[in-house]
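Right, one structure below, let's go through it.
The values are calculated or read from the model by the stated rules, or taken from the named source; none is laboratory data. Please read these numbers as outputs of a predicted model, since none were measured by experiment. For neighbour counting, all protein chains shown are included, and Cβ atoms are generated from backbone atoms with ideal geometry for every residue, glycine included. When the accessible area is computed, the model is the full protein with side chains, heavy atoms only, and any ligands, DNA or RNA have been set aside. Shrake-Rupley method; radii C 1.70, N 1.55, O 1.52, S 1.80 Å.
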Amino acid sequence: MKYVLVTGGVVSGLGKGVTASSIGVVLKACGLRVTSIKIDPYLNTDAGTMSPFEHGEVFVLDDGGEVDLDLGNYERFLDVTLTKENNITTGKIYQSVLDKERKGDFLGKTVQVVPHITDAIKERIESVAHVPVDGKEGPADVCVIELGGTVGDIESMPFIEALRQLFFSVGHDNFCLIHVSLIPVLGVVGEQKTKPTQHSVRELRALGLTPHLLACRSAQPLLDNTKQKLSQFCHVPAANILNIHDVPNIWHIPLLLRNQNAHHSILKQLDLLSFATPPDLEAWTRMAETFDNLTDSVRIAMVGKYVGLTDSYLSVVKALLHACIACSLKPSIDWIAASDLEDDSAESAPEAHAAAWKTLRNAECVLVPGGFGDRGVSGMILAAKYARENNVPYLGICLGMQISVIEYARSVLGFERANSAEFDKETPNPVVIFMPEGSRTHMGSTMRLGSRRTLFQTTECITSKLYCNAQYVDERHRHRYEVNPDIIEVLEEAGPKFVGKDETGKRMEVLELPGHPFYVGVQFHPEFKSRPGKPSAPFLGLILSAKGQLEAYLNRHQNGS
């Protein structure tokens, strides 16, 4: 097994995840099989209990793993299916070591960070790296490891030491270290500053690891004298200093790496030059250039709780992008804080209230994504009502689907206090209820998680047609509450149809409103399986409908063209 380790220095948020993913894309384009591991030094065992404001989106995998959003980047870029084991956290490592200690596996030894924690990290990395993730037999050729955080952080020290030991044990030809760092330009001086990177590399070397390549983040391309300075003071050959400057879209980064012969430097370090082929990135180049050249756009109103931090909805944004590009459109996402739509905000923040409603009315389609808690729910209900009554295409995901059920029960069925038991435990009309198998005492990994099957009740519904007339679909879930099966009959008599259900027939998975151009709610999260070039069906339907092209698209598909 060959390992490529990506570390970060100076500041967090430099784009290590995208860099690691892009390195994987270039190596894959050279004919190699690639797998990925993300190391997160936090003590949580997984990302499941973290607030989106704290850590961005929680990405869900097929096996139900709630993981860091960077694993979403890996899956999208490399088109692989990862498992929860591909996300290693401090919590997981310490938990496994302490479980062994309690069982007496260490035979009375004093359990310490070195060697017990570091050995557990190495064993975990080596075992996970050998698990195939691309649907083929046998292990991959290269494992790209991203170490989260910044070099020098206290919590990442055991991982740095474990990776130093791994480098020593696997040998020089099987390990390549790429350090991502920042080259800032001070406004007054206007000069590219190398000192932060010098300090970061010195810290890394003091810990026993010397980078083979530097990936320098900067606003503008690196100047030659900056490269020479970095080479001299960081002991990295100039040819191995890569510049990842700002680009029009992130799909250019693999092309940027290829153009700087990053693959050659990595393959040379890993002794794979004779095994690999020249990188074939034709399709990737077409995709990046197509996006750059798009002129027509579609206005999408995203009505959510966490709109202050776009990383909270990263996969939703990517799924919209994939769907828009398939329709030769550029996404123009208008973020609306759901609470700004509410009647209360008309008094407390009249300007924000007026602006939110103006944005909603100017949108060509409306999307209400998932979320937890009651903040902003009234605003989401108003957005769903607006879309339903004004024939504006609407897609509700997870909570967004439940919102559409609550809104319909209130506005059409006349159940004024209809609500989810999550938001009002005393509601006389609980149209959304807690799932019977859920835990009320523990938060982590107690939801309905991972890939589950949805059976379409008819292939004549819009959603089935968008999934190429599928009779069923396997999509990823993350929820504790579900539509109350007791109210299905009353709801369906009034209009909405639950066209997708789980295998028991008791869980409602897909809602459609006949007679509306596109009013769809899905209990699952289709955004997690969206890929560049392979857009998610519900997102594609939303964008097509926003431009009045859905019927023509479905007719073409029905005719097999």
Could you state the accessible area per residue of region 371-520 in Å², with a 1.4 Å probe and every protein chain left in place? 42
Can you tell me the order of 542-554, 380-392, 28-40 when each peptide is scored by its average per-residue count of other Cβ atoms within 10 angstrom, highest first? 28-40, 380-392, 542-554
Magnitude of the Cβ-charge dipole (Lys and Arg +1, Asp and Glu -1) of region 382-506 about the Cα centre, nearest 20 debye, reported as 380
For semi-axes √(5λ) of the Cα gyration tensor in Å, the listed values are (i) 38, 31, 23; (ii) 40, 34, 20; (iii) 43, 27, 23; which was obtained by calculation from the structure presented? (iii)
For region 157-167, in order, what is each residue's ³J(HN,Hα) by Karplus, 6.51 cos²θ - 1.76 cosθ + 1.60 with θ = phi - 60°, in whole Hz (x at glycine and Pro)? 4, x, 6, 4, 5, 5, 5, 5, 5, 4, 4
Restricting to DSSP H runs of at least four residues, report the calculated mean residue ellipticity at 222 nm for the chain, -39500 (n - 2.57) per run over all residues, nearest 500 deg cm²/dmol. -11000 deg cm²/dmol
With the full set of protein chains in place, find how many percent of the accessible area of the chain is carbon and sulfur; take the probe as 1.4 Å. 49
Within region 182-331, what percent of beta bridges assigned by DSSP are antiparallel, to the nearest 5? 10
Only Cα pairs under 8 Å and at least 6 apart count here; give the relative contact order of the chain as a rounded whole percent. 14
Could you quote the convex hull projected area for region 420-561, Cα atoms only and averaged over all directions, in nm²? 9.9
Just how large is the dipole of the chain about the Cα centre, in debye to the nearest 20, putting +1 at every Lys and Arg Cβ and -1 at every Asp and Glu Cβ? 1260
Per residue accessible area of region 40-127, 1.4 Å probe, in Å²: 43
Solvent-accessible area per residue for region 183-296 (1.4 angstrom probe, square angstrom): 53
Per residue of region 231-244, in order, report the coupling 6.51 cos²θ - 1.76 cosθ + 1.60 (Karplus, θ = phi - 60°) as ³J(HN,Hα) in whole Hz, putting x for Gly and Pro. 4, 5, 8, 10, 6, 10, x, 4, 5, 9, 9, 9, 10, 9
Hey, can you grab everything whose amide H is under 5 Å from the amide H of residue 4? Only 5+ residues off in sequence or another chain; H modelled, so Pro and N-termini drop out. 143, 144, 145, 176
Can you list residues whose amide H is under 5 Å from residue 245's amide H, if they're 5+ apart or on another chain and H is modeled 1.01 Å from N? 218
Segments 493-502, 67-76 sorted - mean Cβ within 10 Å per residue, highest first: 67-76, 493-502
Which of the listed residues, 339, 387, 131, is farthest toward the dipole's positive end in the chain, when Lys, Arg count +1 and Asp, Glu count -1 at the beta-carbon? 131
Could you tell me which of 273, 216, 302 has its Cα farthest along the dipole of the chain towards the positive end, charges placed at Cβ (Lys, Arg +1; Asp, Glu -1), taken about the Cα centre? 273
As a test, work out the antiparallel percent of DSSP beta bridges whose residues both lie in the chain, rounded to the nearest 5. 30
Under 17 Å from residue 2, Cα to Cα: lysines that are on another chain or at least 8 residues apart: 28, 38, 122, 268
Using the Cα centre of region 174-280 as the reference point, and only Cβ charges (+1 on K/R, -1 on D/E), how large is the resulting charge dipole? Debye, rounded to the nearest 20. 260
